[in-house]
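The values are calculated or read from the model by the stated rules, or taken from the named source; none is laboratory data. The structure presented is a predicted model; accordingly, all values stated were derived computationally and were not measured. Glycine also receives a Cβ, built like all others from the backbone with ideal geometry; neighbour counts cover every protein chain displayed.
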């Protein structure tokens with residue numbers, strides 16, 4: 001039986017989580033243990049890891065009593081960055097349980113039997129929260145809340161938009177404007193039990209802003225022969241009206257696409273907001289969240305066949321976007337070849353993209369061409385590209401074209417269990433993001449938070 005920490009002394013207090021294997025909590029005096037360790041005994045509350053994270057205050061030192069399911073408790077402990085005290089009935093149960101706890105990324109402060117609980121003192125264990133979908137979503141909302149921005153949602157006829165707005169407003173994530181028929185939105189909100197009292201509900205077709213927006217749009221598009229009358233009809237479209245709100249500074253960003261195509265969402269941005277200074281291409285990344293990993297995949301949504309220069313630019317801007325969400329970027333330009341192991345136009349394009357990216361940002365950690373395994377697996381990276389600054393440790397992966405990128409993120413999402421957050425559009429003057437028409441309410445909430453964070457970074 002491992003009794004790590006039984007005789008040790010804690011150099012400072014830290015929160016701990018007690019879970020059990022092959023036994024119950026009956027007979028365990030956790031009140032006395034908490035008092036002896038100077039911790040507040042707290043029952044793990046909530047049926048999901050996300051619910052526990054939401055109730056956790058890292059500034060409060062607690063002794064958490066787990067659920068009794070050590071698999072769930074380990075996921076909770078990993079997400080909170082709290083070491084585990086594993087109480088078992090016997091050595092056999094301890095070995096199995098400890099392996100499972102470790103697989104979920106949690107650190108074990110001690111493995112003990114119940115009779116030792118009264119006398120042992122756990123050692124100090126250095127821990128930090130382990131990335132997971134639940135933790136990422138929590139951090140995303142907290143980051144957006146810290147710099148509260150105004151986001152316009154042009155699809156008020158969609159119940160998912162109303163439900164997402166309710167959640168966003170309830171948690172103070174962003175200021176929200178919803179476009180649509182005001183009476184119908186209010187009626188649907190009542191039917192669904194939603195509180196939209198803090199939202200700005202706007203019937204854009206009847207808005208006094210139509211004439212102002214029409215005049216501005218006609219001026220923006222006069223070189224294309226757009227008349228004032230044509231502009232007036234154009235800005236009555238929800239995507240164009242919402243984009244004009246962002247352009248005019250009446251909102252900080254826009255999220256659309258739950259009920260409209262990607263083209264319908266993005267086209268107004270190209271015409272009105274346009275690309276950021278120094279950007280020649282609009283692209284995207286997906287934030288791929290897995291247990292213990294946060295990666296970025298680009299471009300998986302916009303550019304079908306980018307040139308070497310465009311891939312290089314996408315790499316640079318993807319690194320900057322990834323950094324906004326807590327990734328210390330190490331960029332891999334992906335190919336079917338690593339280094340000079342293969343030849344052909346696609347390999348040459350990858351190598352040229354790396355050089356273009358380096359010329360644009362000499363501080364960027366980037367390499368390519370790299371095969372995916374060489375990019376992400378330390379062992380393979382050391383063998384195939386021993387001198388690479390990123391091989392084996394990449395966290396921003398740039399695909400050679402849209403076909404590969406779209407397939408890549410969906411493989412990771414559907415078979416690897418990754419949470420795919422995005423697409424996050426990049427390269428525009430102001431943030432506009434597209435939703436899948438199959439988007440869930442959670443997808444919409446996450447995308448609004450991302451858009452708010454992007455707006456705060458500009």
Let me spell it out: the conditions are (1) surrounded by 14 or more Cβ atoms within 10 Å (Cβ to Cβ); (2) part of a loop (DSSP other than H, G, I, E, B), and residue 197 meets all of them except one. Which number is the exception? (1)
I'd like to know if the range 387-404 contains one or more residues that are surrounded by fewer than 24 Cβ atoms within 10 Å (Cβ to Cβ), at positive phi and touching a residue at least 40 places away in the same chain (Cβ under 8 Å). no
Do we have residue 280 as farther than 25 Å from residue 144 by Cα, modelled with pLDDT under 95 and assigned to a helix (DSSP H, G or I) here? no
How many residues of the range 449-458 are farther than 17 Å from residue 283 by Cβ and within 15 Å of the chain's Cα centre (by Cα)? The answer is 3
Looking only at the range 128-150, and only at residues there that are free of Cβ contacts under 8 Å to residues at least 60 places away in the same chain and closer than 20 Å to residue 291 by Cα, the one that is surrounded by the fewest Cβ atoms within 10 Å (Cβ to Cβ): 128
Residues being surrounded by 19 or more Cβ atoms within 10 Å (Cβ to Cβ) and either farther than 21 Å from residue 134 by Cα or not assigned by TED's automatic domain parsing to the domain that holds residue 110 (or both): count how many of those fall in the range 38-78. 2
